[in-house]
Amino acid sequence: MENRRATERVQVELDVHLGRKVGNEVHAHTRDLSPHGAQVVADRPLRVDEELMFDVEHPATHQHLRVVARVLRQHEVNLYALRFEHLDADAQAALDALVQAASPS
């Protein structure tokens, strides 16, 4: 099976808040992260194709990064694949830096 992923994901556990358009915020943590998406374990169910506000704190700088993410699929109970959307240059640079900081060197 061909790997369609263009960028490598790094395994990292970061606390994430997922804001919903309607309903309460969902707490989650990442299993892995790339400049274009993440795999998260959520404390409550998410809907495939749901748009969320992905809010994560950079572990070194403590700055919050907030980007729009879409739920692509559910892998297991409470394990979801997210894709980041509508990224401007600053958000993409911040994501790149976060992934780089989490990468084993």
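Per-structure values
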read-out	value
Residues of region 76-90 satisfying the condition of being surrounded by 12 or more Cβ atoms within 10 Å (Cβ to Cβ), under 18 Å from residue 30 (Cα atoms) and not basic (Lys, Arg)	78, 79, 80, 81, 82, 84, 85
Residue 97, sole failed condition from (1) of a type outside the set (Ser, Thr, Tyr); (2) surrounded by 17 or more Cβ atoms within 10 Å (Cβ to Cβ); (3) not in a strand (DSSP E or B)	(2)
Hits in region 48-75 (condition: open to solvent by 40 Å² or more (accessible area, probe 1.4 Å), part of a loop (DSSP other than H, G, I, E, B) and not aliphatic (A, V, I, L, M))	49, 59, 61, 62, 63
Hits in region 76-87 - residues which are modelled with pLDDT under 95 and assigned to a strand (DSSP E or B)	76
For residue 102: the one exception among (1) modelled with pLDDT of 90 or more; (2) buried (at least 17 other Cβ atoms within 10 Å of the Cβ); (3) of a type in the set (Gly, Ala, Ser)	(1)
From 92, 100, residue being in contact (Cβ under 8 Å) with a residue 12 or more places away in the chain and either β-branched (Val, Ile, Thr) or out of contact with any Leu (no Cβ under 7 Å at 6 or more places or on another chain) (or both)	92
Residue 39 vs. criteria open to solvent by 90 Å² or more (accessible area, probe 1.4 Å) and more than 15 Å from residue 85 (Cβ to Cβ)	no
Selected residue (criterion: surrounded by the fewest Cβ atoms within 10 Å (Cβ to Cβ)) from residues of region 19-36 that are under 10 Å from the mean Cα position of the chain (by Cα) and under 14 Å from residue 74 (Cβ atoms)	31
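The values are calculated or read from the model by the stated rules, or taken from the named source; none is laboratory data. Worth saying up front: this structure is predicted, and the values here are computed from it rather than measured. Neighbour counts run over all protein chains shown; Cβ positions are idealised from the backbone, glycine included. The protein model used for the area step is the full one, side chains on, heavy atoms only, and it has no ligands, DNA or RNA in it. Shrake-Rupley method; radii C 1.70, N 1.55, O 1.52, S 1.80 Å.
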